[in-house]
Amino acid sequence: MQLKIQNGVVELSGEAILKNINFEINDNSRIAVVGRNGCGKTTLLKLIAGEYSITKLDSDADSFFAVSGTPKIGVLSQITFKDDTVSMVEEIRSAYSDILEIKEKLDLAQLKMETDQSQENIARYTNLLDTFTNLGGFYFEKEYEGAIKHFGFDDEQKKRPLYEFSGGQRTKIAFLKLLLSKPDILLLDEPTNHLDIEATLWLEDYLKEYKKAFVVVSHDRMFLDNVATTVYEIERGKTRRYIGNYTQFVEAKKVLSEQQAKDYEAQQKEIARLEELAERFRYKATKAAMVQSKLKQIDRMELIDAPESADNRKFRFNFDPADTGVKDMLSVKSLEIGYDKVLSTVSLEIKKGDRIGIIGSNGLGKSTFIRTLMGKVGPLSGEFKFAPRATVGYFDQQMAQYVSDNTVLDDFMSVYPHFTDYEARSVLGAFLFSGEDVFKTVSMLSGGERVRLALCKILCSKPNFLILDEPTNHLDIIGKETLEEMLNSYSGTVLFVSHDRYFIKQIAKSVLSFEKDGVNLYPYGYEQYLEMKKNNTVTEQKAEKTEKVKKTYTTPAKEKAKRQRAIAKTEEKIALLEEKLAGIMTELTLEDNLADYIKLSELQKEQEEIEYELQVTMDEWERLCEEESTCKP
């Protein structure tokens, strides 16, 4: 399978969004697409999915979109639920329609074989069993059960009809179904948005083992480092391909840019030298041949383009706290949070300069805790108290959805009416709202632009305590890096919720983890937290294994019965393999097959595989017989 785009152009409403796209997907491709917000990443995915077409070029350049074979392309927007009354687990199981169809045929073939062990029935059963095994039939149930659990659904929710789930939950169910249906080309647009860390880790592991191709657009740098082996960057409507993950792409781009700048400068110096030489001797008849030679030398050069400066614009602003004298910022004592029931209980002391990252599975109350502190949700019991001089700058997830018919400038000045027009535009300019951008209405802004506007309004008040709920969700990678730089230079206190592991690693000095057995504060950074949790998990697994060994007890009679069952099962498998091998040997003697080299090669390969499996099974049978002294070969 191959999908290839050459010199692709995509125009929307007469405007070229993508100007020069060269892109290729092969079997097992693991591709990340990166670039600034608005560069056309989602447009590229829609082009691959067939929602857009490339524009015919007026030039002589060869432009095409070509696909070999008929690959199944999977995209979340195309996943629909035909029947809202079926249970969630039934809907997820429908992703395995091919396996379920083979399983039904296999069950029927087994029943038939039990009553009639003809060669034909045995061969049919064996072929179906091979197909079922190759499709993953023996582990597909374990696969979807694990996926459902890691995406935060419990056993009771699995049985619920789809219509009982919220819009966000339905999207997660559709996403799971898309992943488990295993299309030939899987298209993922910001797949980690709104996934907690546990679900993101599961998704990483799933994609690492994915046998087909995927293309992912994401601003999650750690995720891209862990799953991608090829990176395409879109910049100014053009693509450039890099081998490696995101970190390797960043380094390769830097090296490439530096080398191009050196090569360009060296070539320009050489051209200037040759032109100067030609100009000096232009009017000397005895040097005419030499002058022409130098001019031809310039003409024959393959000109190196001047390196385009990367679009690395960052928003910058000095927002150190106006009041730096507060030491004890917040005290939280036995605070029970939730709505109709307690989700978690929190006790916490936050001091000046603390940077605490809040993590944990969805549904345990991370955002509810923040909303309780901000007075959006009432506490169920317990108490919390801010310092009298604490000035809080609060960012919540809804700010990226904030809409208004006011212009950016008017919206900002409604919060800071004492600012002059010049002062307001200077502050907005620091957050990349320059020139005519300030006259856009808020409703016209992208999610990332609205986040920037919200941060601008919050930080301009120079608070000494920042409380942030998922501030990076709609920011591109450079936007995240900028926010990280700003927070790392900030001398105030920060409490934040995030699912972005790289962001947490860069900012958090402590980790507040919402876990099923309670809320725990780990007074060290994210990487140390992970190491400690890993060590605890290993210890728990060893203890659990030891406990299981202690509890294991069986009688000699049970062991004997177990061995005899294993022997009988092995003998049954040997009989099936011998039958299958006999069938292959018969086919090898047929005249039609003897004259067909390809068919003959396939049969010989199959014969070798069966003979190997038969030998392994015979060895196992002999081992079992040695253990069972009453066994007669």
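The values are calculated or read from the model by the stated rules, or taken from the named source; none is laboratory data. All values reported here derive from a predicted model rather than from experimental measurement. All Cβ positions, glycine included, derive from the backbone under ideal geometry; neighbour counts span all protein chains shown. Side chains included, ligands, DNA and RNA excluded: accessible areas come from the protein's heavy atoms. Shrake-Rupley method; radii C 1.70, N 1.55, O 1.52, S 1.80 Å.
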Do we have any residue at all in segment 397-409 that's modelled with pLDDT under 90, in contact with a helix residue (DSSP H, G or I) (Cβ under 6 Å, 6 or more places away or on another chain), open to solvent by 40 Å² or more (accessible area, probe 1.4 Å) and assigned to a helix (DSSP H, G or I)? yes
Looking at N20 and the list (1) assigned to a loop (DSSP other than H, G, I, E, B); (2) farther than 21 Å from L188 by Cα; (3) modelled with pLDDT under 90, which single condition is not satisfied? (1)
Among P417, P388, which is closer than 28 Å to K333 by Cα, outside any helix (DSSP H, G or I) and open to solvent by 30 Å² or more (accessible area, probe 1.4 Å)? P388
Would you point out the residue of segment 284-295, among those that are of a type in the set (K, R) and surrounded by 12 or more Cβ atoms within 10 Å (Cβ to Cβ), that is modelled with the highest pLDDT? K294
Pairs please, first residue from segment 1-26 and basic (K, R), second anywhere and exposed (fewer than 15 other Cβ atoms within 10 Å of the Cβ) and not in a strand (DSSP E or B), Cβ atoms under 9 Å, 6+ apart in sequence or on different chains. K19/R236
Filter segment 362-381 for residues that are open to solvent by less than 50 Å² (accessible area, probe 1.4 Å) and not in a loop (DSSP other than H, G, I, E, B); which is nearest to Q398 (Cα to Cα)? S367
Boolean, A261 is out of contact with any Ser or Thr (no Cβ under 9 Å at 6 or more places or on another chain), free of Cβ contacts under 8 Å to residues at least 12 places away in the same chain and at negative phi: no
Does segment 196-220 hold any residues that are buried (at least 22 other Cβ atoms within 10 Å of the Cβ), within 13 Å of S498 (Cβ to Cβ) and of a type outside the set (D, E), and which are they? H219
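Quick grid of which residues meet (1) in contact (Cβ under 8 Å) with a residue 60 or more places away in the chain; (2) closer than 29 Å to D184 by Cα; (3) of a type in the set (G, A, S):
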{"position": "K82", "(1), (2), (3)": "no, yes, no"}
{"position": "R93", "(1), (2), (3)": "no, yes, no"}
{"position": "I99", "(1), (2), (3)": "no, yes, no"}
{"position": "D116", "(1), (2), (3)": "no, no, no"}
{"position": "Q119", "(1), (2), (3)": "yes, no, no"}
{"position": "R124", "(1), (2), (3)": "no, yes, no"}
Tell me, yes or no, whether segment 331-341 has at least one residue that is over 32 Å from the mean Cα position of the chain (by Cα), surrounded by 13 or more Cβ atoms within 10 Å (Cβ to Cβ) and either within 24 Å of K505 (Cβ to Cβ) or polar (S, T, N, Q) (or both). yes
So which of F514, F433, F496 ends up being within 22 Å of Y416 (Cβ to Cβ) and of a type outside the set (V, I, T)? F433
Need the failing condition index for I79 against (1) surrounded by 15 or more Cβ atoms within 10 Å (Cβ to Cβ); (2) under 30 Å from N7 (Cβ atoms), just the number. (2)
Going through V519, V494 one at a time, which residue ends up being open to solvent by less than 10 Å² (accessible area, probe 1.4 Å) and either in contact with a Gly (Cβ under 7 Å, 6 or more places away or on another chain) or not polar (S, T, N, Q) (or both)? V494
